[in-house]
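The values are calculated or read from the model by the stated rules, or taken from the named source; none is laboratory data. Note that the structure is predicted; figures quoted are calculated from it, not measured. In this analysis, Cβ positions are derived from the backbone assuming ideal geometry, glycine residues included, and neighbour counts consider all displayed protein chains. Ligands, DNA and RNA are excluded from the accessible area calculation, which covers all protein heavy atoms including side chains. Shrake-Rupley method; radii C 1.70, N 1.55, O 1.52, S 1.80 Å.
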Amino acid sequence: MRTIAVGNMAGSAGKTTTVVTLAALHAQLGRKVLVIDADAQANATQWLGVDPDAAAATTGSVLLRRASIRDAATGTNTPNIDVVPSNRTLDADLFHLATAVGAHNRLRSALADLDGYDLVLVDCPGSGSTMTVAALAAADQA
C-alpha cells in the first residue's frame with residue numbers, strides 16, 4: 001500500500017481536485033483507494049458524496065484514537081473509493097491533538113495495520129498545521 005500526501009501551504013491550490021482526480025483514475029484501473037480528508041472544509045468528503053455532518057467517525061476521531069481508521073472509512077459515490085471523512089470539528093480535534101504525545105505519528109500508526117487498499121491519498125489543509133505534519137510523516141510520497 002502506497003500513501004501519498006497532497007499538500008500546499010496555500011488554500012485553493014488544487015489539493016482536493018488533485019486527490020479526488022487521482023483517486024478516480026486509480027479506481028477506474030480497479031485499484032482500491034482510501035482518501036483521507038484532513039481538511040476541516042471537508043471538500044473531498046463532499047465531492048465523494050458523503051455528508052460531513054452525518055459522519056459517525058472522522059479523521060479527527062482516528063487521530064484522537066476514538067475510532068480506528070477501518071471504522072472511520074466510509075463508502076463513497078465512486079466504486080473502489082472509500083473516504084475517511086472530515087467535518088468542521090476537525091479544527092477543534094487538532095487543537096487537542098497538538099498537545100498529545102506522538103501527535104505527528106498518529107496517522108502513520110493508524111495506517112500501519114490497514115490492509116485492503118492499494119493506495120491511500122491524504123488531502124491536506126492549506127497550512128503547516130499538526131495535521132499536515134502528521135500526513136507528511138505517514139506518507140511514502142508527497
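Observations on the structure shown:
- So Ala42, is it buried (at least 22 other Cβ atoms within 10 Å of the Cβ) and at positive phi: yes
- Sole exception among (1) at pLDDT below 95; (2) open to solvent by 40 Å² or more (accessible area, probe 1.4 Å); (3) part of a loop (DSSP other than H, G, I, E, B); (4) of a type outside the set (A, V, I, L, M, F, W, C) for Gly30, by number: (1)
- Verdict on Asn80 being touching a Ser or Thr at 6+ places or on another chain (Cβ under 6 Å), in contact (Cβ under 8 Å) with a residue 40 or more places away in the chain and either open to solvent by 50 Å² or more (accessible area, probe 1.4 Å) or more than 24 Å from Met1 (Cα to Cα) (or both): no
- Filtered by the rule that a residue be of a type in the set (A, V, I, L, M) and either at pLDDT below 90 or buried (at least 24 other Cβ atoms within 10 Å of the Cβ) (or both), the stretch 57-68 gives Val62, Leu63, Leu64.
- Beta carbons closer than 8 Å, at least 6 apart along the sequence or on distinct chains, pair a first residue in the stretch 97-124 that is farther than 21 Å from Thr45 by Cβ with a second that is of a type in the set (D, E, K, R) for Ala100/Arg106.
- Test for Ser61: is it under 14 Å from Ala38 (Cβ atoms), more than 14 Å from the chain's Cα centre (by Cα) and not β-branched (Val, Ile, Thr): no
- Test for Leu97: is it at pLDDT below 90, farther than 24 Å from Asp115 by Cβ, open to solvent by less than 10 Å² (accessible area, probe 1.4 Å) and more than 13 Å from the chain's Cα centre (by Cα): yes
- Residue, least open to solvent (accessible area, probe 1.4 Å), within the stretch 1-27, restricted to residues that are touching a helix residue (DSSP H, G or I) at 6+ places or on another chain (Cβ under 6 Å) and among the small types (Gly, Ala, Ser): Ala5
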